[in-house]
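*Asks:* Okay, here's the structure, questions in a sec.
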Amino acid sequence: MRYLPSSPVEDRALLDTIGVARAEELLAGIPEALRLKRDLDLPTQGSEQEVAWEMMGLANKNTRFCAQFLGAGAYDHFVPSAIDAMVSRQEWFTAYTPYQPEISQGTLQHIFEYQTLICDLAGLDVTNASLYDGGTACVETALMAVRVAKKRNTVLVSRGLHPLYREVLKTNFAPHDDLQLVEVGLKNGVTDLADLQAKLNGDVAAVMVGYPNFLGAVEDLTALAGPVHAAGALLVSVTQEALAFGWLEAPGKAGADMACGEAMSFGNKPTFGGPFLGFLAVKDAHKREIPGRVVGQTKDLEGRTGYVLTLTAREQHIRRDKATSNICSNQGLVALRANIFLQLAGPEGLRGLAEQNAAKAQYLRQRLLELPDMEPVDDPPFFNEFVLRYRGDMAALQEACLAESLLPGLDLGRFYPEYEGCILWCATELHTRRMIESLVEILARVPATV
Amino acid sequence: MFLRQREPLSFDRSVSGKRGMDLPKLDVPEAKDTRPAHLRRSGFDALPELSEVEVIRHFTRLSKWNYGVDDGIYPLGSCTMKHNPRLNEKVAGLPGFTDSHPMAPDALVQGNLEMIYTLQEWLKEITGLPGVTLQPSAGAAGELTGVMLIRAYHVSKGAKRRVILIPDSGHGTNPATAAMAGYEVVELPSLPDGTIAFDDVTDPVNGKVRKGLRTLVSELGTEIAGAMITNPNTVGVFEYRFKEVSDLLHSVGALVYMDGANMNALVGVARPGDFGVDVMHLNLHKTMSTPHGGGGPGAGPVCCGENLMPFLPVPVVVRDTVKVGEGEVPRHSYRWDWKRPQSIGKVHTFYGNFGILVRALTYCLSHGSDGLKEATLRAIVNANYIRARLKGAYALHIDSPSLHEVVFSDTLQAKHDVHTLDIAKRLIDHGYHPPTIYFPLIVPGALMIEPTESEDKGELDAFCDTMLAIAKEAETDAEALHQAPTLAPLRRMDETTAARKPVLRWAKG
């Protein structure tokens, strides 16, 4: 009962003022026949200590690793201590949506700064207060592209897009008979330009490509922008590892009309896939079509600068079924982590971190290729992930790594039959030379054949 | 007033050469530049250069301009801001949870899978519905998932159906969700008591007739895929004819979606599965005290009946029981089931806002079956206490019994040219976060108050005394109310200019 503050004496006083003998009398509005006549068949309340033990027990049942070489849309990066300390301030985490701007300037100014940073990274003009995650951000972006393009109903999606993002897109396109998702194939690990050109027609609203894509490869947005724009469609870059923005040119400057994806890498841990941080950035001309919350700068009665939720005419509480989207929350606290992270890093920190990621991944690749069973597959430029074919026994590799508390890369066969026997490896700034060397040593001992 | 100093945008404080983060020494060769020249990062326009102490001070100062639940009562009706226990935060931060990778093999994340399974069991018992997915990332995402389940159900029966019925009192997200799921929305009128109208309703002002539920069901029949009904509804009243509504819709093969945003009024007291609901969502940040963080993340699990279970999003967590010797406690293992041919597919990249789900289970375990019911009853008592104390001073537009929240209108104050917004802003001067204002739309000048179970008598009394003082002030000094807030860091914001000439990011001046 530690969370229920009224004492029995106070409760009595409340009930007397209301004029009822028992709290149950206040349920009069619920017909007797619809009420639950028994107690819930669940354990009774636990003390703080008991609950902590039980939850720790669950957390301890997960396997911990010395190093994880698995990325694939969820990246393990260093989280500066200042982030946890700041975000655990109650004024940040116990606040609600900033509906009353006069006493929510903390949240509102933070989101305005976050918006500025996302626009900077994406090289585009306008963004929103964040979306749920990378996959759902793709959905909002694709639907927005269809609205913007008017009368064009096809969205081309590169096979290099995260396979689970593509699944989420499929789910959300299914109810719309008039809309079409069409896949564009890969060649040498990147979007196949010939296939793209063959599928570009007057009905294509947008083309979505990974940047870098799921296989870690850097798509040449500039080269893709030519044919896409010539066909009157929008080029959308989808970034699942936002730290790449410290290494790669901003998508908006490389030819993309819209950029979306996942920014969990800024100050967050993998946490079994969520909460994550979806983002979406667009050009100024499209700002009134953007879904979700947006914060704008304004003045108060006395002319002082402040911030408010704005462009609400696009939203459901005004436009109901004509709204740009049904989204009415954002990932405020995750966005706050990203904001603090980016401000701590600054341009040099972000660039330096990105360079370290690229260096570690290059070193990992080089060392893995020294193993007789590893061989290169495609050879596109990459950031912190890459694909190698493994000629040995995949299960034995997995087992050998796990026995030494290392989590190996992703067995790609599960998502790409054409990459059966291939592994998607990832390295970040968290991987020391020693960890990489242990991995290589362990793999060297795995029996070559089954 | 030191703490009320203006905090500039961090971009304006940036000084070249400062850094708040340092990197480990690079112990491998430097990266070779493999990028095509035109894809090399050319630079940044806004990323500030600041030291760690400056960043910490910046966010600390900004935080002081926010009102949080720990500052006091946060009576946003329908948004439900209850106490956020610290244990939830501590548990969600356990490295066993935060370090776990969503693509890791099932055998390595047994704790996570068991956590998910266990929370699902709690939600099944609480809602009386046998199917659950925890993957939708927010209430609105839950709505969309739920309506897609309805669609998949009809498609599996060989019919698409085109209409979703939604009461005019419903949450704004409901119609937007139905549209996103490919449906046409037909509005159901409400009665003066806020509940769904079965019979046609004639508008007393313009004489227009709006078709009630019975007429719509008989005219649209099998075109109706389902109805989305908020219960308790947005005026805090239980839809007392819910079972009849369900039966009528079921009679034409339509399904019933319950918007469970207000489920915190029913936990332990009534179960949607027992009164005809086919599918519903819950907002865990409301019902289960997970913090809202200034806008999110939330979590919007969906619970459904057996008829909709085949269509649940993939993957679904499955528990296998390992056989052990006689008399021993059975052991369980957990895995994701991805092979579900009738599934609507994926609704989130991975498995939803897992960290929020951890907090929700922690809340459930802390309360237990007994505490959950107690919390519901006390939330209802608190709302009714406020209702009893403010009735008379503020107009009760709808007099039906209130559950967890109570809606007043500003009609008494409007006579003195004082309106809902003035009352809300004056509350700020007294140190309170205002209630939800101007919602639901069916109540003129609505003030929707939801204290939750987290407030003791002292806090409730202080809030009520303030509301009563403001009502008095409306009679004697309306001008003071028009000026409010005068004590907040900022005063009324120019929202019109913000929308007309949007400034949505900082730019180098």
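*Asks:* Having 2 or more residues that are within 11 Å of chain A (Cβ to nearest Cβ) and closer than 30 Å to A:GLY261 by Cα is the bar; report the helices (runs of 4 or more DSSP H) wholly within the range B:346-431 that clear it.
*Replies:* B:354-390
*Asks:* Would you mind finding the one in A:CYS422, A:CYS401, A:CYS426 that is at pLDDT 95 or above, under 25 Å from A:ASP378 (Cα atoms), crowded, with 16+ Cβ neighbours inside 10 Å and over 25 Å from the mean Cα position of the chain (by Cα)? Spell out how you get there, then give the answer.
*Replies:* Details: A:CYS422 fails: over 25 Å from the mean Cα position of the chain (by Cα); A:CYS426 fails: over 25 Å from the mean Cα position of the chain (by Cα).
A:CYS401 is the lone residue from the list that is at pLDDT 95 or above, under 25 Å from A:ASP378 (Cα atoms), crowded, with 16+ Cβ neighbours inside 10 Å and over 25 Å from the mean Cα position of the chain (by Cα).
*Asks:* Could you check how many residues of the range B:139-177 are closer than 26 Å to B:PRO189 by Cβ, in a helix (DSSP H, G or I) and not β-branched (Val, Ile, Thr)?
*Replies:* 11
*Asks:* Another question, if that's okay. Go over the candidates A:LEU388, A:LEU371, A:LEU364 one by one and state the one that is closer than 21 Å to A:ASN213 by Cα, of a type outside the set (D, E, K, R) and more than 11 Å from chain B (Cβ to nearest Cβ). Please lay out each step first, then the result.
*Replies:* Numbers: A:LEU371 fails: closer than 21 Å to A:ASN213 by Cα; A:LEU364 fails: more than 11 Å from chain B (Cβ to nearest Cβ).
One residue alone meets the criteria, A:LEU388.
*Asks:* A follow-up question, please. What is the one condition in (1) part of a helix (DSSP H, G or I); (2) more than 7 Å from chain A (Cβ to nearest Cβ); (3) over 30 Å from B:TYR334 (Cβ atoms); (4) open to solvent by less than 10 Å² (accessible area, probe 1.4 Å) that B:ILE73 does not satisfy?
*Replies:* Of the numbered conditions (1) part of a helix (DSSP H, G or I); (2) more than 7 Å from chain A (Cβ to nearest Cβ); (3) over 30 Å from B:TYR334 (Cβ atoms); (4) open to solvent by less than 10 Å² (accessible area, probe 1.4 Å), the odd one out for B:ILE73 is (1).
*Asks:* Only one of B:ASP12, B:ASP22 is surrounded by fewer than 16 Cβ atoms within 10 Å (Cβ to Cβ) and assigned to a loop (DSSP other than H, G, I, E, B); which?
*Replies:* Working: B:ASP12 fails: assigned to a loop (DSSP other than H, G, I, E, B).
Sole residue among the options that is surrounded by fewer than 16 Cβ atoms within 10 Å (Cβ to Cβ) and assigned to a loop (DSSP other than H, G, I, E, B): B:ASP22.
*Asks:* Another question about this same structure. State whether one or more residues within the range A:404-412 are over 25 Å from A:ALA359 (Cβ atoms) and either touching a Pro at 6+ places or on another chain (Cβ under 6 Å) or modelled with pLDDT of 95 or more (or both). Give the steps one after another, and end with the answer.
*Replies:* Our first condition is that a residue be over 25 Å from A:ALA359 (Cβ atoms); within the range A:404-412, this holds for A:411.
Filter once more, keeping what is either touching a Pro at 6+ places or on another chain (Cβ under 6 Å) or modelled with pLDDT of 95 or more (or both): A:411.
Yes; the residues of the range A:404-412 include at least one that is over 25 Å from A:ALA359 (Cβ atoms) and either touching a Pro at 6+ places or on another chain (Cβ under 6 Å) or modelled with pLDDT of 95 or more (or both).
*Asks:* Within the range B:96-130, work out how many residues are within 7 Å of chain A (Cβ to nearest Cβ) and over 17 Å from B:ALA360 (Cβ atoms).
*Replies:* Qualifying residue count for the region: 10.
*Asks:* Do you know which residues across the range A:165-223 are under 21 Å from the mean Cα position of the chain (by Cα), touching a residue at least 60 places away in the same chain (Cβ under 8 Å) and either over 30 Å from A:LEU364 (Cβ atoms) or within 14 Å of chain B (Cβ to nearest Cβ) (or both)?
*Replies:* Passing the criteria: A:TYR165, A:ALA206, A:PRO212, A:PHE214, A:GLY216, A:ALA217, A:VAL218, A:GLU219.
*Asks:* How about the range B:15-41: which of its residues are more than 13 Å from A:LEU353 (Cβ to Cβ) and touching a residue at least 24 places away in the same chain (Cβ under 8 Å)? Reasoning before the result, please.
*Replies:* Kept after step one, since they are more than 13 Å from A:LEU353 (Cβ to Cβ), are these residues of the range B:15-41: B:15-18, B:25, B:27-30, B:32-40.
Of everything in the range B:15-41, those that are more than 13 Å from A:LEU353 (Cβ to Cβ) and touching a residue at least 24 places away in the same chain (Cβ under 8 Å) turn out to be B:VAL15, B:SER16, B:GLY17, B:LYS18.
*Asks:* Collect the residues in the range B:476-509 that are out of contact with any helix residue (DSSP H, G or I) (no Cβ under 9 Å at 6 or more places or on another chain) and either within 17 Å of A:ASP125 (Cβ to Cβ) or within 7 Å of chain A (Cβ to nearest Cβ) (or both), keeping them in residue-number order.
*Replies:* Answer for the range B:476-509, where residues must be out of contact with any helix residue (DSSP H, G or I) (no Cβ under 9 Å at 6 or more places or on another chain) and either within 17 Å of A:ASP125 (Cβ to Cβ) or within 7 Å of chain A (Cβ to nearest Cβ) (or both): B:ASP494, B:THR497, B:ALA498, B:LYS501.
*Asks:* Looking only at strands (runs of 3 or more DSSP E) that lie completely in the range A:299-394, which have at least 3 residues being in the same structural domain as A:GLU241 (by TED's automatic domain parsing)?
*Replies:* Counting at least 3 such residues, we get A:305-309.
*Asks:* Give the residue, chosen from A:ALA129, A:ALA137, that is closer than 30 Å to B:ILE428 by Cα and among the aliphatic types (A, V, I, L, M).
*Replies:* Step by step, each of A:ALA129, A:ALA137 is checked, and only A:ALA129 is closer than 30 Å to B:ILE428 by Cα and among the aliphatic types (A, V, I, L, M).
*Asks:* Separate question: Could you check the range A:313-329 and list, in sequence order, the residues that are under 18 Å from B:THR496 (Cα atoms) and more than 24 Å from the chain's Cα centre (by Cα)?
*Replies:* Quick first cut of the range A:313-329, residues under 18 Å from B:THR496 (Cα atoms) only: A:313-315, A:317-319.
Once the filter is applied, which keeps residues that are under 18 Å from B:THR496 (Cα atoms) and more than 24 Å from the chain's Cα centre (by Cα), the range A:313-329 yields A:ALA313, A:HIS317, A:ILE318, A:ARG319.
*Asks:* Right, another one. Of the residues A:ALA52, A:ALA28, A:ALA13, A:ALA23, which is more than 20 Å from B:ALA379 (Cα to Cα), outside the structural domain of A:LEU407 (by TED's automatic domain parsing) and hydrophobic (A, V, I, L, M, F, W, C)? Show your work before the answer.
*Replies:* Numbers: A:ALA28 fails: more than 20 Å from B:ALA379 (Cα to Cα); A:ALA13 fails: more than 20 Å from B:ALA379 (Cα to Cα); A:ALA23 fails: more than 20 Å from B:ALA379 (Cα to Cα).
Just one listed residue meets the conditions, A:ALA52.
*Asks:* Assess whether B:LEU62 counts as being within 8 Å of another protein chain (Cβ to nearest Cβ), assigned to a helix (DSSP H, G or I) and in contact with a helix residue (DSSP H, G or I) (Cβ under 8 Å, 6 or more places away or on another chain).
*Replies:* Judged against the criteria, B:LEU62 is a match.
*Asks:* Of all residues in the range B:34-53, how many are in contact with a Pro (Cβ under 9 Å, 6 or more places away or on another chain) and more than 7 Å from every other protein chain (Cβ to nearest Cβ)?
*Replies:* 1
*Asks:* Just name the residue that is nearest to B:LEU9 (Cα to Cα) out of those in the range A:327-368 that are crowded, with 24+ Cβ neighbours inside 10 Å and basic (Lys, Arg).
*Replies:* Ranking the qualifying residues of the range A:327-368, first place goes to A:ARG337.
*Asks:* Could I ask something else about it? Given the criterion open to solvent by less than 70 Å² (accessible area, probe 1.4 Å) and either facing chain B (nearest Cβ under 8 Å) or part of a loop (DSSP other than H, G, I, E, B) (or both), identify the matching residue among A:PHE112, A:PHE78.
*Replies:* Details: A:PHE78 fails: open to solvent by less than 70 Å² (accessible area, probe 1.4 Å).
Criteria check complete, one pass: A:PHE112.
*Asks:* Considering only residues of the range A:229-249 that are open to solvent by less than 10 Å² (accessible area, probe 1.4 Å), in contact with a strand residue (DSSP E or B) (Cβ under 9 Å, 6 or more places away or on another chain) and part of a helix (DSSP H, G or I), which is farthest from A:PRO163 (Cα to Cα)?
*Replies:* A:PHE245
*Asks:* Turning to a different aspect of this structure: Looking at this structure, is A:ARG433 open to solvent by 10 Å² or more (accessible area, probe 1.4 Å), within 9 Å of another protein chain (Cβ to nearest Cβ), over 23 Å from the mean Cα position of the chain (by Cα) and among the basic types (Lys, Arg)?
*Replies:* In short, yes.
*Asks:* Pick from A:GLY226, A:GLY252, A:GLY202: which is open to solvent by 10 Å² or more (accessible area, probe 1.4 Å), in a loop (DSSP other than H, G, I, E, B) and modelled with pLDDT of 95 or more?
*Replies:* The conditions single out A:GLY202.
The values are calculated or read from the model by the stated rules, or taken from the named source; none is laboratory data. Just so it is clear, the structure is predicted and the values come from calculations on it, not from any experiment. Ideal geometry is used to build each Cβ from the backbone, glycine not excepted, and the neighbour counts take in all protein chains shown. Each accessible area value is taken on the protein alone, full model and side chains, heavy atoms only, with ligands, DNA and RNA left out. Shrake-Rupley method; radii C 1.70, N 1.55, O 1.52, S 1.80 Å.
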